[in-house]
Structures are given as structure tokens and as C-alpha cells.
Amino acid sequence: AAPSAPAAQAAPSRAPCKPAVFVPVDRSPEMQEARLKLPILAEEQVVMEAINENPIVIICGETGSGKTTQVPQFLYEAGYASPGGAIGITEPRRVAAVSMSQRVAKEMNLSHRVVSYQIRYEGNVTDETQIKFMTDGVLLKEIQKDFLLSKYRVIIIDEAHERSMYTDILIGLLSRIVPLRHKKGLPLKLIIMSATLRVEDFTDNTRLFSAKPPVIQVDARQFPVTVHFNKKTPLDDYSGECFRKVCKIHRMLPAGGILVFLTGQAEVHSLCRRLRKAFPYQKNNTAGNATETSDLKLQFYHTLPKIDLNNYSVVPVDEGDEDRDFDSDDDAAGSDLDLDLGDGDSEEDEKSDSSLPLYVLPLYSLLAPEKQEKVFRAPPPGTRLCVVATNVAETSLTIPGIKYVVDCGKVKQRFYDRITGVSSFRVTWISQASANQRAGRAGRTEPGHCYRLYSSAVFMDFEKFSAPEITKRPVEDLILQMKALNIEKVINFPFPTPPSTDALAAAEELLIALGALKEPPQQLAAKLSCPISALGRVMATFPVAPRYAKMLALSRQHNCLPYTITIVSAMTVRELFEELDRPAVSEEEAAQLKRKRVRFSQMQKVWAGQGPMQKLGDLMVMLGAVGACEYAGCTPKFCEENGLRYKAMLEVRRLRGQLTTAVNSVCTDAGLYVDPKMKPPTEAQVTFLRQIVLAGLGDHVARRVQAEELLDDKWKNAYKTALLEDPVFIHPSSVLFRELPEFVVYQEIVETTKLYMKGVSAVEPEWIPALLPPYCHFGKPLESPAPSYCPGTGRVRCHRPSVFYRVGWQLPAVEV
Ligand code: ADP
Ligand code: MG
């Protein structure tokens, strides 16, 4: 027996891993030529040998070296894919999943039935799919259904350097799945691909991989990029500064595409508008440019999307574009610009043609795919390409022909306040690693220039790398997903970078309070290892945050589900209503905004209803607005007239469809369908909805400050919450602004001039101890009404007084 042992150990790692077949691909000669220029093609053999011989391989290479588009093709040709054993590729961004699947299908001359994608709301996966691009959230959800990922032969985790939360978790999970599959004799290959350095978090993490996986470095042909810093302290008006810089480059510097990095969709559009005005490009009816209209919108009018529960992700729907551009056009002629366009260029510059039209294209993640595709095509002859992009152009997409990069140095990021759960989008400085990535985009095809709109001193103050997402945000949704995978001791999970123990504890506490986890036996050191409850399992199937999932889980009763689904969808899609308080740029706009405000406040009253209906407050307004909008056919015109954001309404519709599918899959007898024009709820249902909302937002209860508690004027009309010391107020845009109910729940607190509650509903105090026992302390049983024995349950029924936790509000006595 002895001699066979070593052989048995060595054999399985090779024999079943290396497919013997070669699958031919019929590429067009142009495609083949384009591929051959990519640095990774030179490394094909090295890459494939490493993959054949190792279960886990890391591939590092500059952005644009061909990792995303080529590695799946290598694997396919080497026979790794079959309809029942696909190659799965995860992307942190939806836009990359869609765009890359289209590109790879085209390069391989294969149909979308074979090279497909799946993102949160949509996909084109079929039984024939062999290469599947998806968002990381989608794969995480699939692991919940099939832990061993038996439908895959290879998993590629792309853009690992972005350190998105789901990517991190996937790497942790796959570090366990790969050996399990090996044991079963069905080996799974894991390939981790990353743009920049710092793969040590993966390679040197012994909790993650017991043996260090091989790292293949792909050297990209990168041309030198001259970096020019601004001398002046950075300006707040970086968007205006971008405009001036692009004008200057276009007027003075030789041919070559320009790529501008801004922070959000609104900024991108506003800069595009200004640039198009400054350098008009007359479209003639050439084939490439005639298709400006978007079919996508028409599609939304007529059909509800097909929804699949697999499409899971809690990625915020809106990028949170708050940016408004107040620039007037007269600063375009500014002459005191501190432009530092590099030595020696200036003579040549003057000679450059300044009358060329500029072919301006926007690029951001929510842009329709057919519009995204434009950046990859050559600009019309006689024009210069200028792409105005958000962060998506940093590493996810490589635009050909860029010679000049204008980097505002900022990025829009979501910030979370651990204590209050307040989240907000803020524009912050990028990291040095990001700045260098952005600069590198200028040197893809020839030497380039990067104009940084900040000084080198500011750059030196940037963080080296931005921190992984998991360390920056609340993790309750993640913990719930992990518990649903029966990972109880999350603290022992091999996170590439673990979240703080505080964040884990806060998440566990919230989940216990929501009833999603079983409460630990008292005082036992079972902290951070509570198992999931039956309710938690139901909650985990809903693709929304745990608070909202709880609301859905409770709504089976009284036919409330369609309403809760709508409310939750509306709350998840941020910024449902148009911002009408914004400063206007012209008198005309000011008058228009005023008309809209009047109209909106009228509509708000209509949607909120009267009497008991109105107590559901802002959530009733959301419900009414969605109902009214759908009733009117959800047209851009209706939205425009009534202060609703058309795009947000479409998102609400999509989410409603998706949540309905999710509910139907949990309770198979619910038989729900989305009725866009849903009937208004009855009074009783509205009361019930208020209770549901309270049960989900338990820690967001606020109580109006009583007359005797009025310490000073700053507490006038204020509310006290359990989470904050400071007074908070009902937001003036709320329908309950003048009502001032004693107890309310709020969706979120935002800080502007004061702390304001948004998404406010009124609740009754006696509901609190009944619906939120984990948040209350209960006193001794009361004498009256007298306790009574309940033969049915064998329990003694009695009423007990209670106080709300932390703040000690006295609540009515209830039977508990
Ligand atoms: P990496 O993943 O290493 O960053 P990619 O595989 O994304 O590199 O890109 C390789 C090349 O393919 C780039 O030069 C890019 O411009 C090109 N490319 C990607 N998508 C498209 C597309 N839709 N149309 C044309 N070229 C594309
Ligand atoms: Mg890539």
C-alpha cells in the first residue's frame, strides 16, 4: 500500500485539471490582429501553464494589457468551458460586466447565448452559456444556492485591486471552495486578476491561502507619461478648471484623445455640454452617428423586465449625483490660467489647428450600453476625441487613443456614519495609486501627458492606496448573507482585510434586534457567532438591506406585500424626487423652479392623503407618487411635470419586479404579480404599514421634545433620537413638517444646516414595546388589569410597563 500513497496525492491535482482538447475559435482577421497587439498575448503560454498546474493563480497587469478580454478566451480555447461547466468572471461594476461580455463575444465571433452576462436586473444567460460575466454580488448570491459552484469549471475574480466588499468576500469563500471541490474530484480553478500592485493582502495572507499562489506579472507596453501638477492650491471649481484645461489642450496641443476624470454623472453631462458649445461638432448623417435615440427607454415603456433572483446586489442604484454646475459660460475666455503644458511643447502648440471640432462623449456607469460602446470607436474623421468620464475609466474600461488625461483628483464616495447609519455621498481626494492609474491612461499608444488639477504638495498628502470598501461601510447586509451560508463565526472568516470588530459587533447587534439572528444565551461569550434564525433566512433572500428585508418578511399579512414592496423599492432608490430647492442660474429658471415647487407641494398633499392615511407620512407620499406615475404610464412628461425623477421611477419599477419575484420564491403560494397601477391601500392597511415600517426601522425612532424638557431654543420643535445627543428636526420637505407627531420613525438623517430626518412616518407609542421588544426594558407586571391565565398557551397574561432603550422614554404598558 505504501508506494501508492504519494502517487495518489500528486495525481489528482493534474489529471482532471488539464483538458486535453483544443477548442478552435473563428475570429475575424481584424480581431486577431488587434488581439496580437495586447501584451497578455505574449504571455499566453505562461498563463496557461500556471493555470493548468495550480488551483489558484494571480494575474497582475497594467490596465489595458488584455486581462479581462483575453484570459477567458485562453481558457475557452484550452477546453475549460462547457455548457454545464462555465467560466465565470466577476466584475465589481455592472458596466464592466455588460461591456466585457459584449466585447468578448464579438472577438470570438460567438453569440450572446454562449458569452453572456448577468447583472442585478438583467442578463442574457442561456443553457448554452459557457463564458459568463457577472457582478460580484450575483456570484455571491449563487454561492448561497450552490455552495460548491458546481456549474463552474473556472472562476475569475477580476479587478481584485478595487477591493469591493463582495469581491473580498468571494475571495475568502473561494479559498475554501477550491479545496472542497478538489476533494470531490471536481476541481475548480480560481484566477484572481488585479491591475495594480499590493497583491500581498491576498498572497501573504496565510489564513486565506495556506500555500502562496503563483503571481504572473504581465508587463504592459506603457509609454512615458509626463505629469503636470497645477502650481496653485486646488480650486473648488474643479469642473470649471477641467473645462479651461481641455480648451487649452485642444487649442494648443497636437492630435490625440483627451480623457477627463470627474466625479459624477451630472458633472460629466454639464462639462460635455459646455465643451460641445465651445467646439461644436456638426453631426452629418454618417452611419456611425445617426443612431442617437435610445431603444432602451422604449423598452421600459412596454415591458417589465424579466427578473431573476440571482441578480443580486445591493449596489446603490443612484450614484448620488448631487453635483450641480453653476458655471456660466463667460469664464471660458479666462486668460490668467496657470497652465503648465510641459517644456518645449509650446512652439509646436501654437501651430496646431485650433478650429478642429471636438467629439465629446460622456462615460459613467449608468450610461446606456450602446452609448458606452461609442468610446471604443474611432472618432469621426477631422475631430478630436474627448471623453468625460467618472471613475469607471480608471481601470474597468480602457479607451483607445488617449494621449491627454485631465485629472480633477477627486472621486465621489459613499460615506457611512457607523452610529447613526447616516450615509452620504461626498467628493474626496483620490489615493496616489488612483492618481497614477489615471495618469497611466495617457500612455497606452504613445507618450502622453497628464494634467493634475492639484499641486504636488497635495498629491503627497493623498493616501497611498484607498482602504478596502469592507473597512469603510456597515456590514449588516454582508453578515446576514454570510450567516445564511452558515458561516456563524464571522470573526474567523478569512477576510482579505477584516472589518473592525466594532463594525462586526454593531452588525450582529442590529441583526439580533431585527430577529434575523438567534439571540445568544445571556452573558455567554457567544458574541459574533449567533446562528441565523428562520426569519433571517427569509430576510437573506431579499436583495435589500436587512431593515427593509424585515419589512418584506412581515408583510404577508393583510395583503400588504404589494405596498411594502413599493415602499421598500422607493426607499432603496434614492432621490425619487427632483431637487427643487436648488439655486437657479437664471431668472427664468428661478421662476420655473418656483412653479414646480408650488405644483409639487400640491401633489405631495394629494399623494399623502388625509387623516389616518397621512400618518404614514413621507412613505405614503412615495406610495402615492409611484402609483400615480404608473397610472399615467410612467412617462418622462408626467415625471417632469410633477417633480419626479424619471430614471428613479424606472428603477423603482425594476426593483418592484425583482422583489416580487423574490417574494414569490420564498412563499410559493403568494402568487404575487406586479400591478403597476396598484389600488390605494385601505385605512387599515395604512395602519398596518406604519407598524411594518416601525418593525424594520426600530432603532430609528424619534420622540418630540416635551414642553418640560425644552432646555433652550435650539430644542424648539426638535426631536430626540436614541442614537444622537443633538436635536434633530423633521425635514421641511416632509409632509409631517407641520404635524409634529409625538413619535416618528425616519429613514435617514441628513446633515445640512441642522440634523434633519427624511422619510418620516408617525407611529403610536404602544406599538413600540409590542413590535420592538429587543429595544425595550420591561418592568414588573402590573396589578391592573389583573394577570390572567391563558389555558391555550399555558402562559400568564399580564401587562408590563416598558422604557425605550438608551433614552429611557416611558412607554405604555403592554401585554408581553
Ligand atoms: P485589462 O483587463 O488588462 O485592463 P482589457 O482586456 O479590458 O484589459 O482591454 C484590452 C483592450 O481591449 C484595450 O485596449 C481596450 O481598449 C480594448 N477593448 C475593450 N473593450 C473594447 C470594446 N468594446 N471595443 C473595442 N475595444 C475594446
Ligand atoms: Mg480588466
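Identify all residues within the range 628-638 that are surrounded by fewer than 20 Cβ atoms within 10 Å (Cβ to Cβ) and not β-branched (Val, Ile, Thr); write none if there are none.
Pass one, the range 628-638, residues surrounded by fewer than 20 Cβ atoms within 10 Å (Cβ to Cβ): 628, 631-633, 635-638.
Once the filter is applied, which keeps residues that are surrounded by fewer than 20 Cβ atoms within 10 Å (Cβ to Cβ) and not β-branched (Val, Ile, Thr), the range 628-638 yields ALA628, TYR631, ALA632, GLY633, PRO636, LYS637, PHE638.
As a summary of the residue check, LEU623 satisfies the conditions (1) crowded, with 23+ Cβ neighbours inside 10 Å; (2) at pLDDT below 90 except for the one numbered (2). Of all residue pairs spaced 6 or more apart or on separate chains, those with beta-carbon atoms under 8 Å, a first member in the range 154-180 that is closer than 18 Å to VAL71 by Cα and a second member that is away from ligand 1 (no atom under 16 Å from the Cβ) and among the basic types (Lys, Arg) are VAL154/LYS189; ILE155/LYS189; HIS161/ARG198.
The helices (runs of 4 or more DSSP H) found wholly in the range 356-464 and carrying at least 2 residues that are more than 16 Å from ligand 2 (Cβ to nearest atom), charged (D, E, K, R) and over 30 Å from PRO474 (Cβ atoms) occupy 369-372. Take the conditions (1) surrounded by fewer than 19 Cβ atoms within 10 Å (Cβ to Cβ); (2) assigned to a helix (DSSP H, G or I); PRO583 misses just one of them, which is (2). A single entry from ALA702, ALA684 fulfils the requirement of being hydrophobic (A, V, I, L, M, F, W, C), modelled with pLDDT of 90 or more and not in a helix (DSSP H, G or I): ALA702.
Just checking, does the range 195-205 include any residue being more than 16 Å from ligand 2 (Cβ to nearest atom), farther than 25 Å from ALA439 by Cβ, over 24 Å from the mean Cα position of the chain (by Cα) and not in a helix (DSSP H, G or I)? Looking through the range 195-205, at least one residue is more than 16 Å from ligand 2 (Cβ to nearest atom), farther than 25 Å from ALA439 by Cβ, over 24 Å from the mean Cα position of the chain (by Cα) and not in a helix (DSSP H, G or I). Within the range 556-579, residues that are in a helix (DSSP H, G or I) have Cβ atoms under 7 Å from residues that are at pLDDT below 90 and among the small types (Gly, Ala, Ser) in these pairs: LEU561/SER555; LEU561/ALA670; THR564/SER555, counting only partners at least 6 apart in sequence or on another chain.
Hey, among the residues in the range 252-273 that are more than 20 Å from LYS403 (Cα to Cα) and buried (at least 24 other Cβ atoms within 10 Å of the Cβ), which one's farthest from the chain's Cα centre (by Cα)? The residue in question is GLU267.
Identify, please: which residue in the range 777-816 is among the β-branched types (Val, Ile, Thr) and exposed (fewer than 13 other Cβ atoms within 10 Å of the Cβ) and is, among those, farthest from the chain's Cα centre (by Cα)? Talk me through it step by step, then tell me what you get.
So the first thing to find is which residues in the range 777-816 are among the β-branched types (Val, Ile, Thr), and the list is 793, 796, 803, 807, 814, 816.
Still in the list and also exposed (fewer than 13 other Cβ atoms within 10 Å of the Cβ): 793, 796.
Working: THR793: 47, VAL796: 49 Å.
The extreme case among them is VAL796.
Restricting attention to the range 382-411, and to residues there that are more than 28 Å from the chain's Cα centre (by Cα), surrounded by fewer than 23 Cβ atoms within 10 Å (Cβ to Cβ) and at pLDDT 90 or above, which single residue is nearest to THR428 (Cα to Cα)? Show your work before the answer.
Within the range 382-411, the first condition is being more than 28 Å from the chain's Cα centre (by Cα), and the residues that meet it are 382-385, 401, 403-404.
Still in the running and surrounded by fewer than 23 Cβ atoms within 10 Å (Cβ to Cβ): 382-383, 401.
Checking which are at pLDDT 90 or above leaves us with 383, 401.
Values: THR383: 33, GLY401: 28 Å.
Once the filter is applied, the top-ranked residue is GLY401.
Take the conditions surrounded by fewer than 16 Cβ atoms within 10 Å (Cβ to Cβ) and touching a residue at least 24 places away in the same chain (Cβ under 8 Å) and apply them to LEU771. Does it pass? It is false that LEU771 is surrounded by fewer than 16 Cβ atoms within 10 Å (Cβ to Cβ) and touching a residue at least 24 places away in the same chain (Cβ under 8 Å).
Scanning the range 66-80 for residues that are outside any loop (DSSP other than H, G, I, E, B) and within 16 Å of ligand 2 (Cβ to nearest atom) returns LYS67, THR68, THR69, GLN70, VAL71, PRO72, GLN73, PHE74, LEU75.
Just checking: which of the strands (runs of 3 or more DSSP E) contained wholly in the range 90-171 hold 3 or more residues that are within 16 Å of ligand 2 (Cβ to nearest atom) and touching a helix residue (DSSP H, G or I) at 6+ places or on another chain (Cβ under 7 Å)? Write out each step before concluding.
On the way: elements: 115-118, 131-135, 152-157.
Answer list for the range 90-171: 131-135, 152-157.
For the range 209-228, check the following and say yes or no: at least one residue is away from ligand 1 (no atom under 15 Å from the Cβ), charged (D, E, K, R), in a loop (DSSP other than H, G, I, E, B) and touching a residue at least 60 places away in the same chain (Cβ under 8 Å). Checking the range 209-228: not a single residue is away from ligand 1 (no atom under 15 Å from the Cβ), charged (D, E, K, R), in a loop (DSSP other than H, G, I, E, B) and touching a residue at least 60 places away in the same chain (Cβ under 8 Å). For the residues LYS132, LYS189, the requirement of being in contact with a Cys (Cβ under 9 Å, 6 or more places away or on another chain), within 26 Å of ASP26 (Cβ to Cβ), more than 16 Å from ligand 1 (Cβ to nearest atom) and modelled with pLDDT of 95 or more singles out LYS189.
Among the residues of the range 42-60, those identified as within 30 Å of ASN391 (Cα to Cα) and either surrounded by 23 or more Cβ atoms within 10 Å (Cβ to Cβ) or not small (Gly, Ala, Ser) (or both) are GLU43, GLU44, VAL47, ILE56, VAL57, ILE58, ILE59, CYS60.
Of the set (1) closer than 24 Å to PHE600 by Cα; (2) in a loop (DSSP other than H, G, I, E, B), all apply to VAL750 but (2).
Of GLN592, GLN604, all but one fail to be buried (at least 20 other Cβ atoms within 10 Å of the Cβ), over 26 Å from the mean Cα position of the chain (by Cα) and not in a loop (DSSP other than H, G, I, E, B); the exception is GLN604.
Only a single item in (1) at pLDDT 90 or above; (2) touching a His at 6+ places or on another chain (Cβ under 7 Å) is not met by PRO785, and it is number (1).
Of all the criteria given as (1) β-branched (Val, Ile, Thr); (2) within 15 Å of ligand 2 (Cβ to nearest atom); (3) modelled with pLDDT of 95 or more, the one not satisfied by THR63 is (3).
The values are calculated or read from the model by the stated rules, or taken from the named source; none is laboratory data. Note that the structure is predicted; figures quoted are calculated from it, not measured. In this analysis, Cβ positions are derived from the backbone assuming ideal geometry, glycine residues included, and neighbour counts consider all displayed protein chains.
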